[in-house]
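Just below is one structure, and these are the notes that go with it.
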Amino acid sequence: MEIVQPIKPVSFAQQVKERSDKLMNYFLICFFICGLIIAPFYDTWLVAFGVGGLNLFAYYYIKYSMPDSDLYQYVLSLVLGVFMAQGIYQMHGLFEMHFVAFIASAILITYQNWRLQIPLVLFVLIHHAGLGYLQDSGVKGVYFTQLDSLELSTFIIHIVLAAIIFFTCGLWAYLLKKYSKIQVEQTREMGRMEREAQIHKERMINEEALKIAYEKAEKAREEADAANKAKSVFLATMSHEIRTPMNGVIGMASLLNETQLTAEQQEYAKTISTCGEALLTVINDILDFSKIESGNMELEERDFDLRTCIEEVLDVFASRAGKLGLDLVYQIDHNVPSQIIGDSLRLRQVLVNLVSNAIKFTQQGEIFVGVHLLQTKSDGKIELEFEVRDTGIGIPADKMERLFKAFSQVDSSTSRRYGGTGLGLVICEKLIGLMGGQINVESKENVGTTFKFNIYSSVSSQSLRTYVTSHIAGMEGKQVLVVDDNLTNRCILKNQLEIWKVVPTLACDGAEALEIMAKGMHFDLLLTDMQMPDMDGCELAEKTQQLYPELPIILLSSVGDERNKRYAGLFKSILTKPIKQEMLCKVMINELRCKVKSPGEPAPVKQKLHADFAKEHPLRILVAEDNLVNQKLALKILSKLGFEAELAENGRIAVDMAEKNNYDVIFMDMQMPEMDGLEATRMIRKTLAVQPTIIAMTANAMKEDRDQCLESGMDDFLSKPVKLEELVNMLSKWSEMSKEKRA
């Protein structure tokens, strides 16, 4: 490709110089030819060729040998004077030949440099004075004039006239240059003014275009806001419409599980609950994604217990992990604050998503959750790193870029093994971004995957409950044998026991544990895992009891593993994985201090619904609900708890019934005919002397809905589908608060 060099602009002076040089070429040739023309008169061919040729050679040699110098112009002035002298000599002093000097002086004006007149004036002065003197002295071969003698007055007049002509030409050159500069400056100024006028015109056009563009952008923004608002309204409406029947599905399935069912019926009811929860998760993911995309997601800043948050997350998956034979473990570094300020709900959502994915893609091994303190800043802010590691199938390197794209999956084929909307990790990334951090992933196929993310938070200033520091006296130096085939579990237990000043000894299986005990080492406690190769925890406990009957044994078992029930008398305590630090501490304190032992058999799980609940918490309850299925569900649940709740089909009826009866608790739906729940709550708050506890029980599950309910005067909020545990806990909470108020 040919490179085009930029053309440099030519200055006005350069243009004058080039134009004058071109003109001089013609004049010099004319002078030379004139010398040849007049040569025959007095046979002066040699002078015509010699002197004329030397003049041309001198001029062009200086010009081309010194291209960047103006010296050739001064040589030109002398050359023109020599041409004058040549013409006078060739014509033997013809007076008219003196005009050659005047012609030369005139043509030098084109350079607009008055100084070029000086060499010519000096040459003419010397020539005239010298040749005039020599001719008057009678020297032969010297020609200045054809007169026999030249009077002094005539000579002086001639010199004065020549001087006037030279001065006039010099002045002309000076003024021409001066006014040329003025003209150039005026031209530049005109150009500048034209450019400014053009720029101003373009600016006005641009401002007008900008104004139009701004108006269009503002209109587009308003349309986008309206679209976002419409989308939010649509999502809220769809959420309500979907959650309302979902409340009936999940609620009735929960009630069904509370009845006497055959094994087949239990399986059906469990399937209904599982599918309902899965559908609810999809709905929540879509709602969260929409709120994040529209910029309406806001995080709360509240004090919460970090360990409790993580343990609650792992509790959700404990049963599932146990059935799959996966170890579900966690470790919080000792320097991580126990209580921090942040949005525990959104942090829990991120961890639930990551742990759920880890279990989904892991067939054997472990799921590990770790928390590390990266840095503490001068302003009190802390940076925490969370790690979720699995030993699953891993992620191919060429599929990593799909992880954080909305509605995208690693395996997007129709025959994929693992389902999902593809929104979970996108929501996690957005939520972590709102917490000031970022998420990254490392993975190897058939080895495992590790997700790491960091968040910024602050240490809570509230008083904290102490897990392990207030009651460890008496445990110092105790010898504990830890038996677990999982290396991560062993390391976590070892670190924790050392913090409690207990001396741990580790064994990777039952055979190694028996071998260590056979060496005569004394142990105060045996901690053993249930699921181990070759020899499980029950078999190890049997052999240990035969050899060391006084050694207390604590079993670490997975949820759903029923084998330990056949060996009820072997264990002092049975702890369910993932092991809660507080519970482990309490059990160890109980055993190592030789206090009353907890029964080896874990206490049976209480039913979620029992009729004695109403006796413990005597409440008069009103349910304001317009949906027939939800009416039936709410009344049935409360009946199972021992309450005879009353029903109001809309907000207006609820207000009338509240005025006539003193209810302790009103469960209030938001969307009802004639009068909605918000307006009904405001009416109750204005009119009643004795105020009931009003709890929103609605399918509108967004944060804005919760805020609306609380602003209208409601005391608490339950989103549909209502979970039985949440309903029971809510009634228990407000019953206790009512008792405190009455006291």
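Numbers for the structure displayed
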read-out	value
Subset of the stretch 518-554 (residues that are over 22 Å from VAL502 (Cα atoms) and in contact with a Phe, Trp or Tyr (Cβ under 6 Å, 6 or more places away or on another chain))	CYS538
Residue list for the stretch 363-377, filter: over 16 Å from ASP485 (Cβ atoms) and touching a residue at least 60 places away in the same chain (Cβ under 8 Å)	VAL371, LEU374
Residue selected from the stretch 309-332 under the condition surrounded by fewer than 17 Cβ atoms within 10 Å (Cβ to Cβ) and either in a loop (DSSP other than H, G, I, E, B) or among the β-branched types (Val, Ile, Thr) (or both), by the criterion modelled with the lowest pLDDT	VAL316
ILE164 being over 55 Å from the mean Cα position of the chain (by Cα), open to solvent by 70 Å² or more (accessible area, probe 1.4 Å) and at pLDDT 85 or above	yes
Residues of the stretch 627-639 satisfying the condition of being touching a helix residue (DSSP H, G or I) at 6+ places or on another chain (Cβ under 7 Å) and open to solvent by 70 Å² or more (accessible area, probe 1.4 Å)	VAL629, LYS636
Test set (1) open to solvent by less than 20 Å² (accessible area, probe 1.4 Å); (2) at pLDDT 85 or above; (3) within 21 Å of SER254 (Cβ to Cβ); (4) not polar (S, T, N, Q) - ALA624 fails condition number	(3)
Candidate set from the stretch 518-543 (those that are among the aliphatic types (A, V, I, L, M) and part of a strand (DSSP E or B)); member that is nearest to the chain's Cα centre (by Cα)	LEU527
Any hit, the stretch 150-161, residues being modelled with pLDDT under 85 and not in a helix (DSSP H, G or I)	yes
Hey, ILE341 touching a residue at least 24 places away in the same chain (Cβ under 8 Å), surrounded by 15 or more Cβ atoms within 10 Å (Cβ to Cβ) and under 19 Å from GLY436 (Cα atoms) or not	yes
Test: residue in the stretch 725-740 that is under 38 Å from the mean Cα position of the chain (by Cα) and buried (at least 22 other Cβ atoms within 10 Å of the Cβ)	no
Whichever residue in the stretch 351-384 is assigned to a strand (DSSP E or B) and acidic (Asp, Glu) and, among such residues, is farthest from LEU403 (Cα to Cα)	GLU383
The lone exception for PHE643 - which of (1) within 22 Å of LEU256 (Cβ to Cβ); (2) surrounded by 17 or more Cβ atoms within 10 Å (Cβ to Cβ); (3) under 47 Å from the mean Cα position of the chain (by Cα) it fails	(3)
Single residue of the stretch 475-484 satisfying the filter (assigned to a loop (DSSP other than H, G, I, E, B) and buried (at least 19 other Cβ atoms within 10 Å of the Cβ)) that is farthest from the chain's Cα centre (by Cα)	LYS478
Every pair of residues 6+ apart whose Cβ atoms lie under 8 Å, when the first sits in the stretch 635-653 and is touching a residue at least 24 places away in the same chain (Cβ under 8 Å) while the second is among the polar types (S, T, N, Q) and open to solvent by 10 Å² or more (accessible area, probe 1.4 Å)	ALA645/SER639; GLU646/ASN661; LEU647/GLN631; GLU649/GLN631
Criterion (modelled with pLDDT under 85, charged (D, E, K, R), farther than 24 Å from ALA253 by Cβ and open to solvent by 20 Å² or more (accessible area, probe 1.4 Å)) met by exactly one of ASP303, ASP379	ASP379
The stretch 490-544, subset among the polar types (S, T, N, Q) and buried (at least 22 other Cβ atoms within 10 Å of the Cβ), residue farthest from TYR330 (Cα to Cα)	THR544
Flag for LYS686 being open to solvent by 70 Å² or more (accessible area, probe 1.4 Å), over 24 Å from PRO618 (Cα atoms) and without any contact (Cβ under 8 Å) to a residue 12 or more places away in the chain	yes
Subset of the stretch 698-716 [open to solvent by less than 70 Å² (accessible area, probe 1.4 Å) and modelled with pLDDT under 85]	THR698, ALA699, ASN700, ALA701, MET702, LYS703, ASP705, ASP707
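Results for (1) touching a strand residue (DSSP E or B) at 6+ places or on another chain (Cβ under 9 Å); (2) under 19 Å from PHE102 (Cβ atoms); (3) open to solvent by 40 Å² or more (accessible area, probe 1.4 Å), shown as yes or no for each residue.
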site	(1), (2), (3)
SER20	no, yes, no
ILE29	no, no, yes
ALA39	no, no, no
PHE57	no, no, yes
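The values are calculated or read from the model by the stated rules, or taken from the named source; none is laboratory data. Please read all numbers here as calculations on a predicted model, not as lab measurements. Because the Cβ atoms are built from the backbone with ideal geometry, glycine has one as well, and the counts that use them run over all protein chains shown. Heads up: the accessible areas ignore ligands, DNA and RNA and are worked out on the full protein's heavy atoms, side chains in. Shrake-Rupley method; radii C 1.70, N 1.55, O 1.52, S 1.80 Å.
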